[in-house]
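See below for the structure under consideration.
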Amino acid sequence: MSHAPSRSEVRLSNWRTHPNSRWSFQNVREIVPTVEIAAARAETEASPGSDALSGLDLSLPNGSRIDALDHLAQSHGDAFVALKDGRLVAEWYAPHCDPNAPHIIFSISKSVTGLLAGIAAAEGALDPDAPITAYVPVPPGGAYCDATVRHLLDMTVSLSFEENYLDRQSDFDRYRRAMLWNPEHEAGREETLEEVLVSLPKAQHPHGRHFHYASPDTDLLGLVIERATGTRFHAYLADRLWRHLGGRGAASVTVDRVGTARAAGGISVTARDLARFGQMMLDGGAAGGRQVVPADWIDDIRSNGDREAWVTGDFAGLFGKGRYRSCWYDTGDEHGSLAAIGIHEQWIWIDPVRRVVLVKLSSRPEPSHDPSTMREKSMLRQIARRI
């Protein structure tokens, strides 16, 4: 049964726990400070409903079968949108989900930030091969003091940091407290996100050798973009990218106590607008009759990425033939499918051969759960090829 808690049950200490997340993932602005990327406008496009998904029989990893709509409900789905050739062909929402409310997309924010970096590079404001310290001061000994912007984009920084979403004691909790996503343990300890990022220690191996998934990389990339362009992250995103997508819903990003945006995971948008973003990626960076993201940046994402770094990195089992480039996953399948992924099961799946864009937003109880992620990957791949 789908149940959303009352507002009085949700606190900073429990907003990412189930079932509170069924409400909070669409109401982050009431829990964490946010700034607006876009204001809501009237939605004019009629919904096609979910008929295209009804009766779509999918194969589960264990060999059994499941209807696509049953899968969405059973996998803690909140929203699902499918575009085919740029046209809205299927849409589904859980009973507790408001289609017009922005939903947090967690680490899909990284893929948004990766494209924003491409825009800044094309404008001559950002050099992807420059040292991070050309834009953000990092004290000697910090992991980022001798790394480059490209290392941030491809997550090949040698960083001693564990992405442990349930941690309440070590550097990950310190990082979450600095971004104002976790309550402080004691009064008076108030670090900014930047202070935490530049203090993180280096691992033993050189930069550039392994794909190591670490959200601080992309939060620092957001700061690099801000300093390179002289514009706050949310304003640059709104002006250079978001306003060209034809979006209708509200969009925002969480910020820390001094207004630093959570470029790695704090963006909230509607499912439809996220699908529009995915369509721009499918169309080579073009939207609304103009080139929003440079085509060569998109081509680089599709064509490059260090396979050896991927194979020896953290997520090699997720996409056996995959790569990671500029905050996007190349799945390595025969269709050249691309993916953007966030914790608690947020997905964009782009199939260039079928010309399909899928968006799945969820409130799965576990932030990270490998079997569920592998199942979702299989489901989206099948839907993209058959819808």
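The values are calculated or read from the model by the stated rules, or taken from the named source; none is laboratory data. Remember, it's a predicted structure, so these values are computed and weren't measured experimentally. Quick reminder, even Gly has a Cβ in these numbers, built from the backbone with ideal geometry, and neighbours come from all protein chains shown.
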Would region 125-147 turn up any residue that is modelled with pLDDT under 95 and part of a strand (DSSP E or B)? yes
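How do the strands (runs of 3 or more DSSP E) wholly within region 40-111 filter down when requiring 1 or more residues that are among the polar types (S, T, N, Q), over 24 Å from the mean Cα position of the chain (by Cα) and farther than 21 Å from ARG22 by Cα: which remain? Step through it out loud before you land on a result.
On the way: elements: 57-59, 65-67, 77-84, 87-93.
So the answer is 57-59.
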Single residue of region 207-225 satisfying the filter (over 17 Å from ALA340 (Cα atoms) and surrounded by fewer than 23 Cβ atoms within 10 Å (Cβ to Cβ)) that is nearest to the chain's Cα centre (by Cα): LEU223
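Just to be sure I understand, how many residues within region 82-110 are touching a Gly at 6+ places or on another chain (Cβ under 9 Å) and either at negative phi or surrounded by fewer than 23 Cβ atoms within 10 Å (Cβ to Cβ) (or both)? So that I can check it myself, show each step before the final result.
Within region 82-110, the first condition is being touching a Gly at 6+ places or on another chain (Cβ under 9 Å), and the residues that meet it are 83, 90-94, 97, 99-102, 104-110.
Applying the additional criterion that residues be either at negative phi or surrounded by fewer than 23 Cβ atoms within 10 Å (Cβ to Cβ) (or both) yields 83, 90-94, 97, 99-102, 104-105, 107-110.
So the count comes out to 17.
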Determine whether VAL35 is touching a strand residue (DSSP E or B) at 6+ places or on another chain (Cβ under 6 Å), within 21 Å of ARG364 (Cβ to Cβ) and at pLDDT 95 or above. no
Tell me yes or no: at least one residue of region 160-182 is within 14 Å of LEU223 (Cβ to Cβ), in contact with an Asp or Glu (Cβ under 7 Å, 6 or more places away or on another chain) and crowded, with 19+ Cβ neighbours inside 10 Å. yes
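Kindly indicate which of VAL258, VAL293, VAL269 is in contact with a helix residue (DSSP H, G or I) (Cβ under 9 Å, 6 or more places away or on another chain), more than 19 Å from ILE104 (Cα to Cα) and surrounded by 23 or more Cβ atoms within 10 Å (Cβ to Cβ).
Values: VAL258 fails: surrounded by 23 or more Cβ atoms within 10 Å (Cβ to Cβ); VAL269 fails: more than 19 Å from ILE104 (Cα to Cα).
Answer to the selection: VAL293.
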Please state which one of ARG276, ARG257 is modelled with pLDDT of 95 or more and within 30 Å of GLY322 (Cα to Cα). ARG276
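Looking at TRP23, is it at pLDDT 95 or above, touching a helix residue (DSSP H, G or I) at 6+ places or on another chain (Cβ under 6 Å) and either within 23 Å of ARG364 (Cβ to Cβ) or part of a loop (DSSP other than H, G, I, E, B) (or both)? Before the answer, list the steps.
Numbers: at pLDDT 95 or above: yes; touching a helix residue (DSSP H, G or I) at 6+ places or on another chain (Cβ under 6 Å): no; either within 23 Å of ARG364 (Cβ to Cβ) or part of a loop (DSSP other than H, G, I, E, B) (or both): yes.
Taking the combined requirement at face value, the residue does not satisfy it.
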